[in-house]
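The values are calculated or read from the model by the stated rules, or taken from the named source; none is laboratory data. A quick note: this is a predicted structure, and the numbers were derived from the prediction, not measured. Every residue, glycine among them, receives a Cβ derived from its backbone with ideal geometry; neighbour counts consider all protein chains shown.
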């Protein structure tokens, strides 16, 4: 069972839905059906949602692989928490007008660090499983 992955995925999905509602609200407010219509607030919301959608699936797949392959619970929980934190920091940085590049960079450092860690954990755990 993927109990830990289910919790992490649920939290991330709540964040994604909130980001999606922000885009929808700004599209209605600015009367823009496609693209950003030159509205900076809408452009930031679109990119926050898009960036989230681009990176989170890889993290969730790797987290699920660890859990399915029987890795210790903390191998699954800790990267999940750091992925959530990284994504929240990035969203905060991208939404602050003018965009707060330090938070965006920090959020991406958390995200990339988590993804790279998940790759290493998955490779290491898989090789350990093959040898043991």
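Please work out which one of (1) modelled with pLDDT under 95; (2) under 19 Å from residue 48 (Cα atoms) is the condition residue 129 fails and give its number.
(2)
Filter segment 1-30 down to the residues that are in contact (Cβ under 8 Å) with a residue 40 or more places away in the chain and outside any helix (DSSP H, G or I) and list them by number.
Matches in segment 1-30: 2 only.
If you check every pair at least six apart or on different chains, which have Cβ atoms under 7 Å apart with a residue in segment 114-129 that is touching a residue at least 12 places away in the same chain (Cβ under 8 Å) first and a residue that is surrounded by fewer than 19 Cβ atoms within 10 Å (Cβ to Cβ) second?
From segment 114-129, the pairs are 114/82; 115/58; 122/65; 125/69; 126/69; 129/69.
Can you pull out the residues in segment 41-82 that are at pLDDT below 95 and within 10 Å of residue 118 (Cβ to Cβ)?
Result: 75, single match.
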